[in-house]
Amino acid sequence: MTLTAKALDERVGCLPPSAVPNEPPRRAGGGTNRRRWWLLACVAAVVASALPVVLDDHPVIRVDGLRQLVEFFAAAVAPRVDGGFLALVGASAMTTLAYAVLGTAVSLVIGVVGGVLTSQVWWRADAPARRTRDVVGWSLARVALVVPRGIHEVIWGLGLLIVLGRSPVVAVLAIGIPFGAVTAKVFSELLDEADRAPHDALLAAGARRSSAVLYGLVPSALGDLLSYAFYRLECAIRSATILGLVGTGGLGTELLDSFRALVYHEMWTLLYALILLSALADGWSSLVRTRLSGSRSRRRGSVDGRDPVVAGSVLLAAALVVASVWWVRLDPSVLWSDRSARQASMLAGQVWPLVMVDGGLAELLRLAGVTLAMSVLAMAIAFAVAAVLAVPAAALPQLDRVTASRARRLPVLLAARLTMIVLRAVPPPVWALLALFAFYPGILPGAVALGIYTAGVLGRLMTEVVDNLEGRPLRALSALGASRRQLVWYGVLPAAAPRFAAYSLYRWEVTVRETVVVGVVGAGGLGVLLHHQLNSFHFAQAATIVLTIVLLTLGVDFVSAAVRRSIR
Amino acid sequence: MAGDRVFELRRASVRLGGVDVLSDIDLEIEAGERVALIGPSGAGKTSLIRLLNGTVAATGGRVRALGCDYRVASTRKIRAARRRIGTVHQHFDLVAQLRAVHNVNAGRLGAWPFWKAALSLARPFEVASAEAALRRVGIGDKLRERTGDLSGGEQQRVAIARVLVQEPRVILADEPIASLDPARGREVVDLLFAISDETRTTLVASLHDLDIALGRFDRVVGLRSGRVVVDTSTADVRAADVAELFRTDRDGSS
Amino acid sequence: MWRVARAILLSVVLVSTAACGAGAGGEPGGLRIGAIPDQDPQQLQRMYGVVSDYLHDRLGVQVEYVPVRDYAAAVAQFERGDLDLVFFGGLTGVQARKRVPGAAPVAQRDVDAQFRSVFVANPAAGVEPFTEVGDLARLKGHSFTFGSDTSTSGRLMPQYFLDRAGVSLDDFTGEPGYSGSHDATLKLVESGAYQVGVLSASVWEKRVQEGKVDPTTVREVFRTPTYHDYHWLARPDLDQRLGQGFTDLARDALLSCDGSDDREKQVLDLFAAGGFVAAAAEDYAQIEAVAGQLGLLR
């Protein structure tokens, strides 16, 4: 027995499955009360974060900056389209795609191996006697994956760039390592949730635990993993772009160049390329995932390798991996070169022992506070924007054709979906610059930039939530003659709200990490200081900041998990 | 001689989540015996089977299987013992996503190193003997079928083929026919007995079907509330014992 | 499913074997030159393409221009040994020398001894032009942005002069920005996002010349005294790798580029210089001191 369709759809977010309650079980009295308290706490957090912005002595929005915004958006109708530049954009797009594909491939390898090694079933298996040792081993393996997960791809990129020099391996690993750690978490949970009987049967027949996991569990978790991998491909394209901003090549790097010189019409060509690439990846992954979940529900939890779309996509992905290796001339020998070893030991020597930042613990805590406030504001913005976009973007397949009036609503649906793609295809630093035109420097432009970018990501997940809502109550409402708007207010939103909140809370952790990429906006916080320390080669202090961000992420994860549990 | 004793349980108990699942079980099973485990639902039949193949640990007492004491033996020793114990499950416990040949080969995992197991998924090893095993259970043509696509009866035959290639000294069968219709069930029982005859393996099966238990097996062990209350040769079983075994305390409870 | 998995496994193995084979080619024997990304990369590509050709002819070795997208990355790659000869900015050059002991400045442009930064302000900020360093104190209470945080003209020397005028970063409204580039600084001040900013005088002049500056939205308020900036820096193992005396040959090649033929003219034109002159570590003592003070040297 495998996952329900609903659980699967939650799993395919960039989220570990535990992030989201499968089925909100109704709890009596106490739950509602607790829920109310958490809601109050969330509002309080947002207000506290917004307070410094509101209390500042100037207005929030700068009217005279709107001219620059207009200038930027006006360039959208006249992107640079001469042949030479288009060739460059095409080549860069392929590089970005290649990094994304290879990064995802590496993350899958790390994810499968790491997933097995961090699963409970792996550690508890075998002789029923040894318990403490297994629990300790399992906990250590889990902890070992927390650090790579807590460090943003850009930080990985900067570190690897120092050790490995200018090599495509940097971009591939900068995506592959943190994505691999997340995939490992997801895969370990898939393994732990998979039907354990075949695995136990093999153990009972004397199989070693590696073989038992391989034969008994991996095949049944593989379909979900595949589905997840295709989802991550689209995330990887965005990461490859943001990584380009530290100079690894591809669309991000070209965007950075045009961005530094503020050549708007070039930026737009690049942004169109990015949007197109994201849309294609999005479409492909949705297609594969729909097929996978379709075949799963048809065939009792099995993955049908003979589905032509799925099989073709897997083959195409494999071909893409091969083509990508060729395209970026991936040369892994840099990993074991003397020069890299020397750099690695240099870096290690300068990272340890950690050094407290100038200004001491108080300053570190203040900056952490700023980062936290920015992330809270960003999530509030993201939640609102995403919720507003998700409802019109949903196709509501639960309803019959007439009630849903699909054909008539198609333009609205497409517009909402396209908006979300644009929001998440444009890298946060670009949003940050635009936000700077419209708002005064401080945490607000940073929060707005991260907020609308995150809204693009969240909106997509929320759309899936709406499309996977239980159909019966909605059909009942529409049978009563409810209009679509009534349907939304009385049927969709009440049912979807807890999971909208759960997704947003989960994404909060990611946003905390992402504050490091919007340092441009003078918003301060840990990200800006981190960039300063890296630029002045003060690795010991930089490592302190990275560690602080990891701890902050863990703290946020802990709080958000607590809230998520209580809002079920 | 110890070598002829397949299982030896001394005051073995299993406590799970504060509930006594099995209490003070004393049981010896000699090589070549055919033992039926009977009793009402929840009596502990499945737990006893799992205690015998070592997938459930005794929380008290001692369990020796093929001369190996599960509680103190090394992991290697336990694996070596388990390799000689084949288990057939009520729900087959096959991997639906794999082709039949891999599910049959899974019976060899105890003898194969990991690399061989992994490579075999790409290109199956020892196909001939896997096919022979499937032919022996009557579905030689299903070798390359996806296991999840097979019918229930066919899946149970794949599970038996898996046990066949394992070449066990004892076959444990946990409700092997409870998920099958009566005709299919009888065929599976015939098959198990035929295999037991041919390879002289010990057979321990838990069963709901009293006719089969009393009609085909040599010995009956009756469980009630986690205790052995009947242990006798099928010839000596008294109707009163059986009735006592299945007596309900109150209507509607079990 | 497993058939597909097998195909993937096989192709990945094949490709990685092929990639390893391709990677066994070893280290290139030529000279790798680089530059900090202080301007449009296409412009850099043009400049260093010409310089590469020039150096190739003069030195008789393969010369490869390796583009870098980040100031700190240029230093890191020089340190790692991926770049042999780099045209660094003042600060990055000092950083690189600190991290690669024995690295020597070989040459600078004639204009590099005369570098300046320009403070620009949005007219709405009401800052009148001034000429004394001490008057930078007038910028207190305004919002302010630097350029890239390791730019000599966009960050380091401006902060030095601010410091001399008794202005600390806390005296500005809000935290100072780091726009990332000279052009971004200009745009942000024009838009009013920051009231005051600072950028390289040469970039400012170029933008004014090109007519890209609208005097109603941004104007120059102060020009700093001169300081040394860019210079060519060579790795200490250059002689060892490319032959005894190679560093000297490279220096001579640069110094003798005096515009005596078309290509030399082109080089100097692209570098906006009249010629290259010898550079010594002492020229950058001031930058080194300031950088040390600001904690930018490790």
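No value in this document is a laboratory result; all are computed from the given coordinates. Only a predicted model underlies this, so the values are computations on that prediction, with no experimental measurement involved. Here the Cβ positions follow ideal geometry from the backbone for every residue, glycine too, while neighbour counts run over all protein chains shown.
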Next item on the list: Report, in whole Å, the centroid distance computed from the Cα atoms of segment A:174-223 and segment C:132-156.
Entry: 57 Å
Note to self: Could you identify which residue out of C:S148, C:S52, C:S260 has the top mean-square fluctuation in a GNM of chain C using Cα springs shorter than 10 Å?
What the structure shows: C:S260
Check: Dividing the alpha-carbon radius of gyration of segment A:94-332 by 2.2 N^0.38 Å (N being the number of residues), what value is obtained?
Finding: 1.13
Notebook entry, point to check: What net charge do the residues around A:E234 carry, taking every other residue with its C-beta under 11 Å from that of A:E234, with Lys and Arg at +1 and Asp and Glu at -1?
Noted result: +4
Notebook entry, point to check: Once the piece of chain linking A:E470 and A:L287 is laid out straight, how much longer is it, given 0.36 nm per residue of separation minus the C-alpha distance between them?
Noted result: 63.7 nm
Check: Once the other residues with Cβ under 12 Å from the Cβ of B:T201 are scored (Lys, Arg +1; Asp, Glu -1), what is the net sum?
Finding: 0
Next item on the list: Take the Cβ-Cβ distance between A:A495 and A:L66 as r, set R0 to 41 Å, and report the resulting FRET efficiency rounded to the nearest 0.05.
Entry: 0.55
Notebook entry, point to check: What number, in percent, do you get for the relative contact order of segment A:353-567 if the mean sequence gap of Cα pairs under 8 Å and at least 6 apart is divided by its residue count?
Noted result: 31 percent
Next item on the list: May I ask for log10 I(q)/I(0) of segment B:6-51 at q = 0.17, 0.18, 0.30 Å⁻¹, from a Debye sum over the Cα atoms as equal point scatterers with solvent left out?
Entry: -0.52, -0.58, -1.27
Item checked: Mean separation of Cα contacts under 8 Å, 6 or more apart, over the residue count of chain A: relative contact order % -> 21 percent
Note to self: Give me Rg/Rg_expected for the protein assembly as shown, where Rg uses Cα atoms only and Rg_expected = 2.2 N^0.38 Å with N residues.
What the structure shows: 1.11
Margin query: Starting from 0.36 nm per residue, how many nanometres of slack lie between A:L547 and A:V146 once their C-alpha separation is accounted for?
Written below: 143.2 nm
Checklist line | Label-to-label distance, nm, for residues given as A:L86 and C:D252 (7 Å Cα→Cβ offset) | finding: 5.1 nm
Margin query: Viscosity 0.692 mPa s, temperature 37 °C: what is the translational diffusion coefficient of chain B from Stokes-Einstein with a Kirkwood Rh over Cα pairs, rounded to a whole number of µm²/s?
Written below: 174 µm²/s
Next item on the list: For segment A:301-381, compute Rh as the Kirkwood radius over C-alpha pairs and then the Stokes-Einstein diffusion coefficient at 20 °C and 1.002 mPa s; write the answer in µm²/s, rounded to an integer.
Entry: 114 µm²/s
Check: Along the charge dipole of segment C:140-298, Cβ charges K/R +1 and D/E -1, which of C:V221, C:L238, C:Y284 sits furthest on the positive end?
Finding: C:V221
Note to self: Give me P(r) over segment A:61-175, computed from all C-alpha to C-alpha distances, binned every 5 Å, as integer percentages.
What the structure shows: 2, 9, 11, 12, 11, 10, 11, 11, 7, 5, 4, 3, 2, 2, 0
Note to self: Antiparallel versus total DSSP beta bridges in segment C:116-223: what percent is that, nearest 5?
What the structure shows: 70 percent
Next item on the list: Would you compute, from DSSP H runs of 4+ residues alone, the mean residue ellipticity of chain B at 222 nm, taking -39500 (n - 2.57) per run and dividing by the full residue count, rounded to the nearest 500?
Entry: -10500 deg cm²/dmol
Margin query: Please identify the DSSP H helices in chain B that span no less than 15 Å along the helix axis (Cα) and have a mean Kyte-Doolittle hydropathy of -0.5 or more.
Written below: B:152-166, B:182-199
Next item on the list: Return the average number of partner chain Cβ atoms within 10 angstrom of each residue Cβ along peptide B:104-113.
Entry: 5
Note to self: I want the local charge near A:L418. Using Cβ-Cβ distances under 15 Å, sum +1 for each Lys or Arg and -1 for each Asp or Glu among the other residues.
What the structure shows: +2
Item checked: Rel. contact order, % - alpha carbon contacts under 8 angstrom, at least six apart, segment A:94-332 -> 29 percent
Notebook entry, point to check: Gaussian network model of chain B, Cα springs within a sub-10 Å range: biggest mean-square fluctuation belongs to which of B:L207, B:L37, B:L109?
Noted result: B:L109
Check: What FRET efficiency comes out for the pair B:S74/B:D231, r = Cβ-Cβ distance, R0 = 30 Å, nearest 0.05?
Finding: 0.45
Next item on the list: Mind giving me the FRET efficiency for C:H56 and A:V322? R0 is 25 Å, r the Cβ-Cβ distance, nearest 0.05 is fine.
Entry: 0.10
Notebook entry, point to check: Which residues does a label at A:R408 reach in segment A:472-492, if reach means a backbone N under 20 Å from a point 7 Å past the Cα toward the Cβ?
Noted result: A:474-492
Note to self: Normalised radius of gyration for segment B:1-107, please: alpha carbon Rg relative to 2.2 N^0.38 Å, two decimal places.
What the structure shows: 1.15
Checklist line | Bridge type composition, chain C - antiparallel percent by DSSP, nearest 5 | finding: 65 percent
Check: DSSP beta bridges in the protein assembly as shown, what fraction antiparallel, as a percent rounded to 5?
Finding: 60 percent
Item checked: Packing rank of B:219-231, C:239-251, A:382-394, A:33-45, where each peptide gets the mean count of other beta carbons within 10 Å, highest leading -> A:382-394, B:219-231, C:239-251, A:33-45
Margin query: Nearest 500 deg cm²/dmol is fine: what mean residue ellipticity at 222 nm does chain A get from its DSSP H runs of n ≥ 4 alone, each adding -39,500 (n - 2.57), divided by its residue count?
Written below: -25500 deg cm²/dmol
Notebook entry, point to check: How big is the gap, in Å, between the Cα center of segment A:496-568 and the Cα center of segment C:222-270?
Noted result: 45 Å
Margin query: Helix-only estimate, please: 222 nm mean residue ellipticity of chain C, summing -39500 (n - 2.57) across DSSP H runs of length 4 or more and dividing by its residues, to the nearest 500.
Written below: -12500 deg cm²/dmol
Note to self: Let me check the size of segment A:353-567 from its C-alpha atoms; what are the radius of gyration and Dmax in Å?
What the structure shows: 20.4, 69
Check: What helices in chain C pass both tests, a Cα length along the helix axis of 18 Å or more and a mean Kyte hydropathy of -1.0 or higher, using whole DSSP H runs?
Finding: C:2-23, C:41-59
Margin query: Which three extents, in angstrom, do the Cα atoms of segment A:196-294 have along their principal axes, listed largest first?
Written below: 67, 30, 12
Next item on the list: Just tell me how shielded C:174-186 is by partners: mean number of partner chain Cβ atoms within 10 Å of each residue's Cβ, no decimals.
Entry: 6
Item checked: For segment C:133-212, Kirkwood radius (reciprocal of mean inverse C-alpha pair distance, Å) -> 12.6 Å
Next item on the list: Please turn the phi angles of segment A:221-232 into ³J(HN,Hα) values with the Karplus equation 6.51 cos²θ - 1.76 cosθ + 1.60 (θ = phi - 60°), one per residue in order, whole Hz, x for glycine and proline.
Entry: 8, 5, x, 5, 5, 4, 4, 5, 4, 5, 5, 5
Notebook entry, point to check: What range in chain C is the longest one free of GluC sites (Glu not before Pro) that are in a loop by DSSP and have at most 13 other Cβ atoms within 10 angstrom?
Noted result: C:1-131
